[in-house]
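Trainee: Dropping a structure here in structure tokens format, bear with me for questions.
The values are calculated or read from the model by the stated rules, or taken from the named source; none is laboratory data. Bear in mind that the values here come from a model prediction, so they are computed numbers and not experimental data. Because the Cβ atoms are built from the backbone with ideal geometry, glycine has one as well, and the counts that use them run over all protein chains shown.
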Amino acid sequence: MDGIKLICQNKKARHNYFIEDSVEAGMVLKGTEVKSLRDGKANLVDSYATIERGEVWLNNFHINPYSPASQFSHHPMRKRKLLLNKREIAKLIGKTQEKGYNLIPLKVYFKGGRAKVELSLGKAKKLHDKRETIKKRDAHREIDQAMKSRSQ
């Protein structure tokens, strides 16, 4: 990945949702938030995106306050606006109005000096779907181990 620095990712998203489509969005941030992100002090767990009045917002995205700038620090859990063009927002509105679709951020990274978030459309998995995914992963792991031991 040339020029891309990963900050954080939501590892549980692929476990809890069927990921269908994803889009890259910019974020509107304050200066202290950018500095905290560069230090890698962010957490995407339990974060989600909503569409309000034609704008996309990222909720529950925790960015730790930047300690050297205590006087001008930001609120760690504030809503952050995401930057997408009208066509992408219209597409997301159409999909999220379908039953069961949510906007889930998968990862946050710097690309060309700008903070970006990979936003995806996901449909929640039921408990039996999660169990099936775990079984498939374990079966693949056993197959890979058997192939490695056989080749040695």
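To keep it simple, each residue is scored yes or no on (1) touching a residue at least 12 places away in the same chain (Cβ under 8 Å); (2) of a type in the set (Ser, Thr, Tyr); (3) under 23 Å from residue 60 (Cβ atoms); (4) touching a helix residue (DSSP H, G or I) at 6+ places or on another chain (Cβ under 7 Å).
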site	(1), (2), (3), (4)
98	no, no, yes, no
105	yes, no, yes, no
110	yes, no, yes, no
119	yes, no, yes, no
137	no, no, no, no
145	no, no, no, no
149	no, yes, no, no
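Trainee: Restricting attention to the range 32-50, which residues are farther than 30 Å from residue 128 by Cβ and either outside any helix (DSSP H, G or I) or in contact with a helix residue (DSSP H, G or I) (Cβ under 8 Å, 6 or more places away or on another chain) (or both)?
Mentor: Passing the criteria: 32, 35, 39, 40, 41, 42.
Trainee: Taking the range 79-118, which residues are buried (at least 16 other Cβ atoms within 10 Å of the Cβ) and under 22 Å from residue 39 (Cα atoms)?
Mentor: Residues satisfying the conditions are 80, 82, 105, 106, 107, 108, 109, 110, 115, 116, 117, 118.
Trainee: Of all residues being closer than 22 Å to residue 14 by Cα and of a type in the set (A, V, I, L, M, F, W, C) in the range 33-54, which is nearest to the chain's Cα centre (by Cα)? Just the residue, please.
Mentor: Of everything passing the filter in the range 33-54, 44 is nearest to the chain's Cα centre (by Cα).
Trainee: Residue 45: surrounded by fewer than 15 Cβ atoms within 10 Å (Cβ to Cβ), among the β-branched types (Val, Ile, Thr), free of Cβ contacts under 8 Å to residues at least 60 places away in the same chain and closer than 19 Å to residue 122 by Cβ, yes or no?
Mentor: Considered against the rule, which asks whether it is surrounded by fewer than 15 Cβ atoms within 10 Å (Cβ to Cβ), among the β-branched types (Val, Ile, Thr), free of Cβ contacts under 8 Å to residues at least 60 places away in the same chain and closer than 19 Å to residue 122 by Cβ, residue 45 comes out as yes.
Trainee: Looking only at residues in the range 1-31 that are of a type in the set (Val, Ile, Thr) and either more than 26 Å from residue 133 (Cα to Cα) or more than 12 Å from the chain's Cα centre (by Cα) (or both), which one is modelled with the lowest pLDDT?
Mentor: First, pick out the residues of the range 1-31 that are of a type in the set (Val, Ile, Thr): 4, 7, 19, 23, 28.
So of that shortlist, the ones also either more than 26 Å from residue 133 (Cα to Cα) or more than 12 Å from the chain's Cα centre (by Cα) (or both) come out as 4, 7, 28.
Numbers: 4: 84, 7: 89, 28: 90.
Checked the range 1-31; the qualifying residue modelled with the lowest pLDDT is 4.
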